[in-house]
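Take a look at the structure set out below.
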Amino acid sequence: MSTALLLAIATASIVILLLLVIKAKVHPFVALLIVSLIVAISTGIPADKIMETIFSGMGNLLGHITIIIVLGAMLGAVIEASGGAESLAQRFSKSLGIKRTVAALTMAAFILGIPVFFEVGFIIVIPLIYGFTKVARVSPLKFGLPMAGVMLTVHVALPTHPGAAAAAGILHTDMGWLMMLGILISIPVGIVGYYVAKAMNLRQYHLSVDVLEQLQLAKPEGTPKSEVPPPGAMTIAGLIVVPIVLIVLGTLAHTMLAEGSILRDVMTVIGNPPIALLIALALAAWILGVRRGWSKEKLEDLTGRAIPSSASVILVAGAGGAFGKVLVESGVGKALAVTLETLHLPLVPAAFILSLALRASQGSATVAILTTSGLLSQAVGDVTDMQRVLVTLAACFGGLGLSHVNDAGFWVVTRYLGLSVADGLKTWTVLTTLMGLSGFALTWLVWGMI
């Protein structure tokens, strides 16, 4: 099949998907499956491989995020029911004020994103976002958009995460310089994201019923108050930090301790994100629940009710993974890469545009960064070590932009923040793209200075 036809099919599939979701009001899970089938059939994927491809794309993603999302939802439910998130939010708001609180949380999200995967970190901070939203009585986008933006930035740009680390290996980039320059450039990119998100929040967006119910922004009069005072702000902060610390320790143990060490094995296990969240959930159930007089039945009810609320996020993200897998198997990404490679652009713009186009075409930032690095591996043979770092960063920032309907992260962010698909494209997609462009511009500026 010709390159032009493959690209036309990919473009048409995204248009059809948007029409189904926005105009026809088809549930995104169903719409993503329909479009995945259309692309698979029209690009000539063998009939006996179509469902296998869809199952593979959905299964791989669900295996990665289901446990994390469910445990994160349960942890959030326990913290929310205890009044702890609001307690923490009130403490911060009184000390800093709302404007400074948004900035402080954005900085905290930047630091959190360095060791913790984007989806994991975002799910961990969701209880905080909801708690601050209720105290400030503002949209969750005010806190959620800049926090998610900076977390995704460090996820793609720093070699503590798989995309940048693997790209460094493919392009033989110095890991230390990549880390230092990645942090230095990601800071102004995060600032850009903060102000772009602030501008976006000047308008109001309709939130989903599910999120409005979770926020309980309008409590009926006469709602009985619990006789047990809410936990202290530091208690809640400690519980949120627990999984982060465990994940960081697990990463450090895996890289610094000798192979075969018992301590390394133990820390690797408990530092795995699902296990770290499970430990945090157990601590929260004990400290916020059992010790404060909650019955076992109340804890079971709370954690049980958290599962349905997370089911929609899981299913839609899984279907997004299936759609992305079909696009990869159809050869769309490869066709696009070949087309762009023939343009013979300078190295830094070539790395950024290739990665951005691949990100838009198949959804995964990591795949986009790795594919771009592979395509440019021969072209960087004669550049200096510092230029090699900048080419790597350009590819990474390309993977930051154009997060849209074929990206599982798009569905996680928009569903938890209560956005429709149309509003998600106007906010999250635009935000990630502008942040990616600013990262590229700074990288190219540094290239011109060395």
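At-a-glance table
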{"read-out": "222 nm mean residue ellipticity, helices alone, for the chain (DSSP H n ≥ 4; -39,500 (n - 2.57); rounded to 500)", "value": "-25000 deg cm²/dmol"}
{"read-out": "Under the Karplus curve 6.51 cos²θ - 1.76 cosθ + 1.60, θ = phi - 60°, whole-Hz ³J(HN,Hα) for segment 111-118, x wherever Gly or Pro sits", "value": "5, 4, x, 5, x, 10, 4, 3"}
{"read-out": "Relative contact order computed over segment 337-394 (Cα-Cα under 8 Å; 6+ residues apart), in percent", "value": "38"}
{"read-out": "Signed unit charges on C-beta, dipole axis of the chain, positive-most listed residue Gly113, Leu207, Leu17", "value": "Leu207"}
{"read-out": "Debye equation applied to the C-alpha atoms of segment 70-141, log10 I(q)/I(0) at 0.11, 0.22, 0.26, 0.28 Å⁻¹", "value": "-0.26, -1.01, -1.25, -1.32"}
{"read-out": "Karplus-derived 3J(HN,Hα), 6.51/-1.76/1.60, for each residue of segment 243-259, Hz, glycine and proline x", "value": "x, 5, 4, 4, 5, 5, 5, x, 5, 5, 5, 5, 9, 9, 8, 5, 5"}
{"read-out": "Sparse-neighbourhood loop sites, trypsin sites (Lys or Arg not before Pro) in segment 125-187 - DSSP loop, at most 11 other Cβ within 10 angstrom", "value": "Arg137"}
{"read-out": "Ranked packing of 148-159, 267-278, most packed first, by mean Cβ within 10 Å", "value": "148-159, 267-278"}
{"read-out": "Average accessible surface area per residue within segment 104-196, 1.4 Å rolling probe, Å²", "value": "30"}
{"read-out": "Computed over segment 292-383, Kirkwood Rh from alpha-carbon pairs, angstrom", "value": "16.1"}
{"read-out": "Descending principal axes extents, the chain, alpha-carbon based, whole Å", "value": "70, 49, 49"}
{"read-out": "Cβ-defined net charge surrounding Ala199, 13 Å radius [Lys, Arg +1; Asp, Glu -1]", "value": "+4"}
{"read-out": "The chain: relative contact order as a whole-number percent, Cα under 8 Å and 6+ apart", "value": "25"}
{"read-out": "Test item: Cα-centred dipole of segment 93-202, Lys/Arg +1 and Asp/Glu -1 on Cβ, debye", "value": "700"}
{"read-out": "Segment 393-435, Rg to Rh (Cα coordinates; Rh as Kirkwood inverse mean 1/r)", "value": "0.99"}
{"read-out": "Cα→Cβ-extended label distance, 7 Å offset, between Met175 and Val15, nm", "value": "4.6"}
{"read-out": "Rg ratio (alpha-carbon, reference 2.2 N^0.38 Å) - segment 286-439", "value": "1.37"}
{"read-out": "Net charge dipole size for the chain [Lys, Arg +1 and Asp, Glu -1 on Cβ; Debye, nearest 20]", "value": "1240"}
{"read-out": "Coordinate range along principal axes, alpha carbons of segment 1-155, Å, largest first", "value": "61, 32, 27"}
{"read-out": "Inter-probe distance in nm under a simple model that places probes 7 Å from Cα toward Cβ, at Ile41 and Ala104", "value": "5.6"}
{"read-out": "Enclosed volume per residue, in Å³, of the convex hull spanned by Cα atoms of segment 99-247", "value": "136"}
{"read-out": "Restricting segment 63-134 to GluC sites (Glu not before Pro) in coil, as DSSP defines it, with at most 10 other Cβ within 10 Å", "value": "none"}
{"read-out": "Between helix 47-82 and the chain: long-axis angle, C-alpha atoms, 0 to 90°, nearest 10", "value": "30"}
{"read-out": "Integer Hz, Karplus 6.51/-1.76/1.60 couplings in order for segment 136-152, x for Gly and Pro", "value": "7, 6, 10, 5, x, 5, 4, 9, x, 5, x, 5, 5, x, 6, 5, 5"}
{"read-out": "Only Lys, Arg (+1) and Asp, Glu (-1) charged, at Cβ; segment 255-372 dipole about Cα centre in debye", "value": "340"}
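The values are calculated or read from the model by the stated rules, or taken from the named source; none is laboratory data. Model, not experiment: these values are computed from the prediction. In this analysis, Cβ positions are derived from the backbone assuming ideal geometry, glycine residues included, and neighbour counts consider all displayed protein chains. For the accessible areas, the whole protein counts, side chains as well, though only heavy atoms, and no ligand, DNA or RNA atoms are used. Shrake-Rupley method; radii C 1.70, N 1.55, O 1.52, S 1.80 Å.
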